[in-house]
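In what follows, a structure is listed as structure tokens, so that the remarks can point back to it.
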Amino acid sequence: MARIIATALLFLFCFSTSRSQDAFYKHFEGKVGTNINIVVDLVKSGEKLSGYYYYFFDDKSGDTSWTHYGKSMPIFGSLKDNQFEFSEFDPEVKGAVFRGLLNNNIIEGTWNSADGKKQLPLNLKESYPEGTMPFNAYYMSESGQLFEKKINPKASIEVSLLTPGEFIRLNVADSVRNNIYDHFFDLKQTTGDPKSLMTAMKDLYITNYRNSNADLYQEGAASFDWQKRKEVRILHNEKEVLSLEYFDYGFTGGAHGLSLSNFHVFDLQDGHQITLEEVFRDEYNNDLRDIINSAARSKYRLQRNQLMTDAGFFVEYLDPTPNFYITKDGMGFYYNQYEVAPFALGPVEIFVNYGELRRILRENSPVYRIISK
């Protein structure tokens, strides 16, 4: 009996040390004010909110297919007791703030300008139109001590996972799910349900932490804490085009941690991963390289005759990368830390709107589904 009670108490202790596990993914559509349409892909992980949104206007006229309203914006915030607040995330510019209530898959609240001087009503409803894939969400936040009887040092791991929900084409959902499992989990075998795979990944991570540090640790030495965060993020999920980001951050000591983002774009008509060769016409490479480098020079404010190496880059020009994403407004080309520049410059993300890419798009390019009226 004593052993049963002790086991029960240990279970309760382990459970109580883990933060809230509830999570969801929701695709919202609605309006800000009376004429601004807004689409939001929102993920809840514990009490945290994250995702992306874009907007467009009702009163457009003429050739609207190529109108560019700005890159789809990442958002971050929180949700507690149905009350939410999230804001645009841009390291260079203070963004707008959204506040209100989320009840029964409906969002009602306000959009507030960055300077706080303007406020508009916000009304959104969860919706999955044809060509949009529902997702199931899973969240885990755990830690493990290096030694049983010491609170510190410890290894912490936070995981936010998305897997396809019910979709009209089962083979497409299976294809996306298999891709997520193969690229997200640091495991030799990726068969099983999501929760068991997350637990297996956590157990392996903490075991590696203990095996790597137990014999090296000295009381009072530099931090032996480890941190890991893995997320599946949705940048675009409409018109049978799905853009996913697999984000991975790790800290194992030293001056700083390291983050990696790998992007995968899927054609939801058949589930295959879209390549640059499908998006652009034959012999596109030189033209696309010029477009990317022009955007990069503008973003980093380089003078006409200034070399990229003079600005800190490792290279004189950026080659098109297969690490790209597709959104409503254009395409992003992403170079991870240390890939083309030192850590001080961070990851290099070059976004190009469709107006700049129009002349080199293939006639049957999947992006035409996104930019059609």
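The values are calculated or read from the model by the stated rules, or taken from the named source; none is laboratory data. These numbers were taken from a predicted model, which means no experiment stands behind them. Heads up, the Cβs are rebuilt from the backbone with ideal geometry, glycines too, and the neighbour counts pull from every protein chain shown.
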- Query: Looking at segment 167-186, which of the residues that are of a type in the set (Val, Ile, Thr) and not in a loop (DSSP other than H, G, I, E, B) is nearest to Phe247 (Cα to Cα)?
  - Reply: Ile180
- Message: Here are the criteria: (1) under 22 Å from the mean Cα position of the chain (by Cα); (2) in contact (Cβ under 8 Å) with a residue 24 or more places away in the chain. Tell me which single one Val97 does not satisfy.
- Response: (2)
- Filter segment 37-48 down to residues that are in contact with an Asp or Glu (Cβ under 8 Å, 6 or more places away or on another chain) and surrounded by fewer than 21 Cβ atoms within 10 Å (Cβ to Cβ) and give me whichever is farthest from Asn123 (Cα to Cα). Gly46
- Task: Taking only segment 35-91 into account, find how many residues are at pLDDT 90 or above and among the small types (Gly, Ala, Ser).
- Result: 7
- Query: Being surrounded by fewer than 19 Cβ atoms within 10 Å (Cβ to Cβ) and over 30 Å from Glu130 (Cα atoms), is that true of even one residue in segment 231-248?
  - Reply: yes
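For segment 257-373, which fully contained strands (runs of 3 or more DSSP E) count at least 3 residues that are not β-branched (Val, Ile, Thr)? Reasoning before the result, please.
Numbers: elements: 258-267, 324-326, 330-335, 348-353.
Those strands (runs of 3 or more DSSP E) span 258-267, 330-335, 348-353.
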